[in-house]
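One structure below.
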């Protein structure tokens, strides 16, 4: 039985606590939050769980084996580092940290101590993204040509991070998992419509070493909500629409066929090819439940999480580079690559 | 009665000829095309119209008052210039020319001769775009925050122009008309997936002097067809979906409300506001019919077309700058401005 | 403070208990269910609430002022009658009873004792249905021509009631509230696809005294889920699509215009008229919360519920008549009318 | 080369003439219409075709091998009979005749003379309906449980026929082809909202000898256009949405599984099963072109059309029975069966 402490009981914390409380092999031992009124809710819902406003008390509790951090991003690094130093396994809400070097430091600390460090890239644990990964890895799509995602809605303006850190982080974590390779450079643009606030609209284009391009479009100021990702390959293409109740994933047997032998430049050298569409039945499950079970399994069996510290670092690096490019109106910014250990 | 000659009877030419043939106050006098089999079709459908493979013969025909040019873009300049020099009024398919300086030369020639020079920015003549313009000009949207357009499908790869010149040209011509002001710089990205071919996927961000941003996303390699434009303002926002059979335009009474007096940075300073949605009934009409009538009216009454040479020039400048930026992976490129006469 | 007892903690009971627990002016005092495992859940979630398998003990508890019944329909009558006889106000899940004469008996008992008898026609308390009622009553739709509803999905086959009692009951309760008048006869058809099971597909047409027709289509065996109601009037028409995330209600300024003076029968005498569409912003609220507040208000202030025993009776009469007609393959069955008191 | 005469150049006639003119192995020799202004259009578009207001002249023309009748339904019988008696093969717009006995008479006449008699059930020749037929016949759907169709829009009120003859005729002809068997009884309801006009809203339920039920819903007074057919089977189900640009046909691997061995009536005996969805690529072709080619092939090779006189007769019988039932508010009306020759 793994005892888990949860720091932060705001928007996302309650979902984590509920899934931990229902998970086999775990119990929630401690919940901390700075706000007394949030802790009052924990007391009503989970009478047996210790609560407190002091996260350090939670970290000092020897009965706590693992810590889940669901606080504002600016506090992630300090809390996660303290938790690792206290010998706890750690699961951190996305994005892992505010800066890449912080993520590197956490990875190093977890490695040295043999502790699990995992980032809560929730989408990676959905059956839709799992299916996209599976089809991509199996070569069903052929060569991957592009990844294009739109994530817009009328949303809360964050006061501390720009829209990339709030919304694009989802797309980047999905992309990291599905493509299994990293962009080498990014060009991003965007705008802040409210004086003194971070950018609320953002566009980022990522370049890879080969003929692959990725684009993410995020916006807090759209009258309609859109969650659509296109993954285009030479053989097949996928449309992932997360707002579809069923049929979230549609696979199109469509693409282009190139006829390089033609000598007449006025004839069409590139033809397009259309075929069937197929929407696989996806397992109905809560992603967070799968993710929590994976975290517990990694602790118990000393496994590396799908979304480990390195995944968290790669996403933070992209966000950092994109923010820098956005501030420079699209200037191309190289993405630092991890050197193999 | 204005006698019109049409050069080019390929994909778009037949639509122009049909609308000219049905327009009041005009007759089609001459159709030229390099391909005999295309002319054969004209003979069957329009027995009274002169046909020929030689565009110069058409231009030399003194009975022809006005010339419509519907040929590949690389030939626009030369044909249009010759037509103007032959004293004909000219309507050119979009984009007006391949290079901005060619467009400037045509404007100059038309001005000197007092002839009408018009570019076929067809969307400007749809009732949907007319409605967007009307609401924008009337201030119904408040301050304009962003213009965002997606135009993707599985389409023919052009061999001579990149996807911006083929698809984004529509969005740029709509934007030019609806916003009534010009971007000052562009950052564009994209990729060519077929060796030796032009870019088939493109993203372009345009910056304006004030807090307005525009983005256009075009792709010849999408498994699904999308034609969606969002126009966001401080008071209202518009969704224009050209694939909707009815309700092409939806106006959302949504936006943000900023509360600048709050002193607590942890409180939300920016709230969002939701309200009704409204889809105005749009006139059912063929845009080309309206456009042709406007061309004839401009000739008869010496009026300046809505889509005159300057509109064509502005769009060509954007396409030139965006193509340059795309080749440099997003490098910011300034847009040349017209100096007031 | 009104103390409420809830009988039945199966599918719907937990929603009722949650809303009662959160309502101002009420507390949940007792929950009963035949299944111990269901009660165990109540104990965890609501530690202060008395639980038991014996509904009679709940009814005998003098601290209980009002009883909510969320058990299978075959038990509604007996439990509700016993509750009224024990002097409790009663809210019964839909449909009110299995037979019309049972509903009549409950109305009589509640009247005699001056107790509130209310039926849980939940949809009546949604902001969408409220808007439909409001527009209809205000004459915005003109003369009402038809009410047409489709409610189909892949659903659990009930073993005790046919699909009308499970699904059409929603449409009939909405219709009863929105139209404010009752049909005079019904013709229903349907089929049972599983041997020995009730009808799983049903169609019912209702006739009114004037030029109004209503139709409800329900099906437990549809591969897709549909929840669409059309309300057609001479001036305007409403589409209510309950699966739309926003824009559940769309109001179309469309209809027909009749020109009776025309003498030429070959000319079109009936023209159609199209206009704007409008989707009003609806309040975001849980219907059950509104309903529970209304129940408490009726108790406190001796008011008659919107969905009182008579509303429950009218819907049961329709279901009885429709089931009889369905068994006779569409034979027209008269609907009994309530005689004014 | 088969020479065809076309009687009636109103709404549908031009489509027939155009497809006949483009068909291999045929030429349009004669077009007749009562209205001179319609004939003027034929003269312009098809200079070589004889025209006239007298249909009898067309029938008397010995060069005419086959006659296509596209006139109001009340005139179908007389014209088709005269054409057959003049020795011409005949294709009649749907519905074949106004009364079943007329259709029987035409069948008899064509049989005696060895002439082709075909009815223009256009939908039968679409690739979508062809796919539905193919899957049904191959047993891919399992046992067929239901056929359910909705065909509603804001449409022209006909002055001579009710909405069943105008709209439901399409569904009945599709159903006749796809199911390959006939209903035994019908119960229909509907209403006329305009004084002195035929019913403009109609619902018809059809019963078969086995556990199959069919329902068609038609309405000239709907604010939205719907064209949706559900075909439910024990193994798979089809959704045919004719307004979808692509993916008109979706096949759902969904249904119910019955577990008859369970002894506990409180347990669910009927489970539901969900699986993948699949949208086959359909051939892009104009149905009328396929239909015209089939008509010519039947003439040339003495084949029986897919939509022969008997298919026309079956649909007319259904329309007659349904209209009678509708007038009697849902009274069950038996469908006459053809006695095998």
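When the Gaussian network model of chain B links Cα atoms closer than 10 Å, the mean-square fluctuations of B:150, B:73, B:137 top out at B:137. For the pair the range B:135-167 and the range C:1-70, the centres of their Cα atoms are 58 angstrom apart.
Against the main long axis of the alpha-carbon atoms of chain A, helix A:287-300 sits at an angle near 60°. Of the residues B:178, B:224, B:124, the one that moves most in a GNM of chain B with alpha-carbon contacts below 10 Å is B:224. Computed over every Cα-Cα pair of the protein assembly as shown and binned at 10 Å starting from 0, the pair-distance distribution P(r) comes out as 1, 7, 13, 17, 20, 18, 12, 7, 3, 1, 0 percent. Here, the range B:105-228 yields an orientationally averaged convex hull projection of 9.7 nm² when only Cα atoms define the hull. Taking the label point as lying 7 angstrom from Cα along the Cα-to-Cβ axis, what are the distances from residue B:99 to the corresponding position in the remaining copies, in ascending order and in nanometres? Ordered by distance, the counterparts are at 4.9, 8.0, 9.4 nm. Three principal axis extents of chain C based on alpha-carbon atoms, in descending order, are 76, 45, 45 Å.
Relative contact order for chain A: what percent, with Cα pairs under 8 Å and sequence separation of 6 or more?
The value is 19 percent.
Averaged over the residues of peptide A:275-284, the number of Cβ atoms from other protein chains lying within 10 Å of each residue's Cβ is 5. In terms of its Cα atoms, the range C:52-96 spans 27, 21, 13 Å along the principal axes, sorted from long to short. Scattering from the range C:2-120 was approximated by placing one identical point on each alpha carbon and applying the Debye formula without solvent; log10 I(q)/I(0) at 0.13, 0.16, 0.17 1/Å stands at -0.44, -0.67, -0.76. The fewest-to-most ranking of C:53, C:122 by surrounding Cβ atoms within 10 Å reads C:53, C:122.
Can you give me the angle between helix D:76-85 and the longest principal axis of chain D, using Cα atoms only, in degrees from 0 to 90, rounded to the nearest 10? Orientation of helix D:76-85: about 60 degrees from the principal axis. Largest GNM mean-square fluctuation across A:275, A:25, A:202, computed for chain A with C-alpha springs under 10 Å, falls on A:275. For residue D:11, the point set 7 Å out from Cα toward Cβ sits 3.4, 4.4, 5.3 nm from its twins in the other copies, listed from shortest up.
Quick one: order A:165, B:12 by neighbouring beta-carbon count within 10 Å, fewest to most. Display every interim value, and only then the final one.
Numbers: A:165 24, B:12 17.
Going from sparsest to densest Cβ surroundings: B:12, A:165.
The rotation axis that maps chain B onto chain C passes nearest to the beta carbon of this chain B residue, listed with its distance in whole angstrom: B:278, 3.
State the dimensionless ratio Rg/Rh of the range B:278-341 (Rg: radius of gyration of Cα atoms; Rh: Kirkwood radius). Spell out each step's value before the answer.
Details: Rg = 17.4 Å, Rh = 15.0 Å.
On the Cα set of the range B:278-341, Rg over Rh gives 1.16.
Averaging the sequence gap over all C-alpha pairs within less than 8 Å and six or more residues apart, then dividing by the number of residues, gives the range B:2-120 a relative contact order of 23 percent. Label-point spacing for residue A:22 across the identical copies (point 7 Å from Cα in the Cβ direction), in nm and ascending order: 1.7, 5.7, 5.9. Between 0 and 90 degrees, the angle of helix C:13-22 with respect to the longest Cα principal axis of chain C falls at about 80 degrees.
For the range C:1-62, the share of alpha carbon pairs falling in successive 5 Å distance bins from zero is 4, 21, 33, 27, 13, 2 percent.
Since every read-out is calculated from the coordinates, none of them should be taken as a lab result. Source: prediction; values computed, not measured. Note: ideal-geometry Cβ built from the backbone for every residue, glycine included; neighbour counts use all protein chains shown.
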